[in-house]
Amino acid sequence: MKLGENAMRILVVEDEVTLNELTSSRLKKEKYSVDSCFDGEEVFEYIQCAEYDLILLDIMLPKMDGIQVLRKLRAMGKDTPVLLLTARDEIEDRVNGLDAGADDYLVKPFAYEELLARMRVLLRRKDGQSTNEYVVGALKLNCDTKRVYYKEKEVELSAREYAVLECLLRNKGTIMSRDQISNHVWNYYYEGGSNIVDVYIRSLRNKIDKEAGNQIIQTVRGMGYVIKGENE
Ligand code: CA
């Protein structure tokens, strides 16, 4: 079990240095783990060393443009989600990009709120493809239907209770600090302090965990909360 970190790893490919740096630091603030590339060829060095959850890919790049990079990635069998960053007048490139296997695009200059929202959609979709159901003991959570079952009986949760539970299950086996949970759940819109997390954990325990003797959501003193996998 490792100390909680947002496991999502992002590659930012953008040759405008300032934009690359600003974007990377904004994403790091959201607790993403971020690497930066400044030309198309570099991408292939980076993907050899790390498995990315999402690639932000500029189209006009030195050495190899974004469309070529994308085609090569897909030809290699890499299905990492790709969000294209395009200039306003690159309509044809956008179409080519989507045809070449891009998952979405964003026109520069963009608002970071929109970038982050689109990234969340792609990351959710990616996550949902491999697992849309999380099961821990008698607890079952389905990410598509947003329904939670305990011992085959549906548990009625509020949207936020659900979000806290989903966050812990998505990071199963990882200790999540209160800040990390509130970052995941409330994101940057929320500035209410992290003890709100305790409130939702308490209500989740009342609704689900009580019967299991509070064994599902575990408190790690001084660190946060964790839902352990079956064999941990
Ligand atoms: Ca560029």
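The values are calculated or read from the model by the stated rules, or taken from the named source; none is laboratory data. Note that the structure is a prediction, hence the values are computed from the model and not measured. Every residue, glycine as well, gets a Cβ built from its backbone with ideal geometry; the counts of neighbours run over all protein chains shown. Please note that ligands, DNA and RNA were not included when accessible areas were found on the heavy atoms of the full protein model with its side chains. Shrake-Rupley method; radii C 1.70, N 1.55, O 1.52, S 1.80 Å.
Just to be sure I understand: of the beta bridges DSSP finds with both ends in the chain, what percent are antiparallel, rounded to 5? Once the DSSP bridges in the chain are tallied, antiparallel ones form about 45 percent. Nonpolar atom fraction for the chain, defined as the carbon and sulfur part of the 1.4 Å probe accessible area, stands at 47 percent.
The value of relative contact order for the chain, using C-alpha pairs under 8 Å at least six residues apart, is 16 percent. Computed about the Cα centre, the dipole magnitude for the range 2-127 is approximately 580 debye when only Lys and Arg (+1) and Asp and Glu (-1) carry charge, each at its Cβ. Quick one: angle between helix 112-130 and the longest Cα principal axis of the chain, in degrees between 0 and 90, rounded to 10, please. The angle comes out at about 70 degrees. Taken over the chain, the ratio of Cα radius of gyration to 2.2 N^0.38 Å equals 1.13. All other residues whose Cβ lies under 13 angstrom from that of residue 35 are scored, Lys and Arg at +1 and Asp and Glu at -1, for a net of -4. Rounded, prolate or oblate, given the Cα gyration tensor of the range 2-132, with a/c below 1.5 counting as rounded? Because its axes are fairly even, with a/c under 1.5, the range 2-132 counts as rounded. Note on residue 158 and residue 104: with the Förster distance fixed at 41 Å, the Cβ-Cβ geometry gives a FRET efficiency of about 0.85. The trypsin sites (Lys or Arg not before Pro) of the range 134-172 meeting both criteria, a DSSP state outside H, G, I, E and B (loop) and at most 12 other C-beta atoms within 10 angstrom of the site's C-beta, are 146, 151.
Axis angle, to the nearest 10 degrees, between helix 159-170 and the longest C-alpha principal axis of the chain: 70 degrees. Probing with 1.4 Å while keeping every protein chain in the model, the per residue accessible area of the chain equals 52 Å².
Less than 5 angstrom separates the built amide H of residue 220 from those of 225, 226, all sequence-distant by 5 or more or on a different chain. Entry note, the chain: the mean residue ellipticity at 222 nm calculated from DSSP H runs of n ≥ 4, each adding -39500 (n - 2.57), is -12000 deg cm²/dmol after division by the residues and rounding to the nearest 500.
When only the Cβ of Lys, Arg, Asp and Glu is charged (+1, +1, -1, -1), the dipole of the chain relative to its Cα centre reaches about 1260 debye.
Expressed per residue, the C-alpha convex hull volume of the range 63-163 stands at 134 Å³. Distance from the Cα centre of the range 1-76 to that of the range 162-177, in angstrom? Using only Cα atoms, the two centres lie 25 Å from each other.
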